[in-house]
1. What is the spin-label model distance, in nm, from residue 86 to residue 485 if the labels are put 7 Å beyond Cα along the C-beta direction?
2. What angle do you read, to the nearest 10 degrees and between 0 and 90, between the alpha-carbon axis of helix 131-144 and the longest principal axis of the chain?
3. Residues in the range 350-388, backbone N under 17 Å from the label point at residue 290 (7 Å along the Cα-to-beta-carbon vector): list them, ranges by number please.
4. Label 7 Å along Cα→Cβ of residue 16; the range 157-187 residues with amide nitrogen under 14 Å?
5. What does the extension gain come out to for residue 8 and residue 34, with contour length at 0.36 nm per residue minus their alpha carbon separation?
6. For residue 130 and residue 356, compute 0.36 nm times the residue count separating them, minus their Cα-Cα distance, and round to one decimal in nm.
7. Averaging the inverse of every distinct alpha carbon separation and then flipping it gives the Kirkwood radius. What is it for the chain, in angstrom units?
8. Which of the peptides 512-519, 177-184, 532-539, 380-387 is most tightly packed, and how do the rest follow, going by the mean number of other Cβ atoms within 10 Å of each residue?
Ligand code: AMP
């Protein structure tokens, strides 16, 4: 396939923010694509070369790209920098530069998607002292044969600035339409994606083998599974109502979720957002294999910081000390953990995900041996409110956040939030009291002491039905100087020129961010709002919900993906909860 077809398609996608149009462009592109390169096209659409969990990074800096453009065009770097400054977009600048060049030279040959992809993959694989020169050589040789439009997109992919605003759901809609004839079949594709976390593999399978291939999709060792998530409930009564007569209660520990894939001595660890995290947990990699009594296994656990003297669980923040590149050995000794297993998804070459909870727990206890470091998460079978309350008491006393309640008969539902798992935190029993995890969508430049950083942030919920991020508040309190610095460092590189179409906001921020960061806030109240967009129309027509007096708690939830942020439903439930509480207070 010619790369020009893909760049023209990208060009059209960049010009719209409408999901239906984007889907239509994707369908047209997929229908034109040869099956052996469809997975590559799907990765490239998302600005990637491989699925996230493989951690393949292009890592090309602006300076290097400028040198490559200069080498290919013969135009001095100074002029390219000047062009770059004008638009703030190096991809665009390169197309302007090459436009000047193509007026005087002939293009040598058409470039193909395969060639661009292979070259980018080679660049990603380069390291070491001579890699800079090699990268420049590869990039400039591509640019030599590229049209200005192609150059624009090659550079955007290289620099990590290709942002077409296409969500995974949109890609799956388009795949279903193109290869199965109906959007309805998205569900099956979603399942395949949930167990593989690899949209390229899903695309290739549906293109070559249709739905039949998708139905045979299986969990694979060292290929992460998208985690199952829990709905929240506010009271023991509500939990009993939803769970029925007998169910499991587990401690809800406040640590980091870890998915462990183990075969012999080989250990791969994935975070909740499916990044590789072995480097933060060398102790898990070293110690856990000896606890495993199976050929191979996939497990889920909560890694929790502990007080070695008392055995008490410590809050999540303690683990953050391990998120560093250097001196990790010291951090491991200084901030010890235990690994608390709560699920098993695969064992001895077979999936266990479709087994019910009771059987999975049985297998977990059979195939994992406990010791000081590796524990089973404390669990008790409960039948009524009193039993939940008793177990909650134990859990809070041990330093955990509350309980996870799990239906005994249900399988593991990868990638979905549902009522088979419920979380009951202690604070939910009172009105708002609870914190919210919100997505940072925009920023406002700071003044005075906050100059040069963001003085306030615009936050959104996650609308999981429409895959959008509607605004819910602007927050400017609760930030220490240190956290302002840290947040600026994280967010500055995520500034985008074109607002992501998934951001829904009437409030104009000074800058818009790629929605990637989740922070925790508390607030005094949830109110109806004419400005903010979360849960618009849900309570009253044309009104959204907003947080009153929001305050940052100091917690940057780096372990959370934006899709794990608080949803509109959760905010609606909190809004209704506070109404009910006020009503009851008035009656007393
Ligand atoms: P939340 O982050 O509030 O949505 O809660 C879900 C998270 O709780 C999971 O992603 C896990 O990291 C964590 N967790 C703690 N204890 C458990 C447990 N017993 N079962 C499942 N998840 C748990």
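None of the figures in this text is laboratory data; all of them are computed from the coordinates on show. These figures come from a predicted structure and were not determined experimentally. Here Cβ is always computed from backbone atoms with ideal geometry, including for glycine, and neighbour counts include all displayed protein chains.
1. It is 3.8 nm.
2. That works out to roughly 60 degrees.
3. 368-375, by backbone N distance to the label point.
4. 165-167, 170-171, 174
5. Net length gain for the segment: 7.7 nm.
6. Length difference between fully extended and current span is 76.0 nm.
7. 26.0
8. Working: 512-519: 22.0, 177-184: 15.6, 532-539: 20.4, 380-387: 14.1.
The peptides rank, most packed first, as 512-519, 532-539, 177-184, 380-387.
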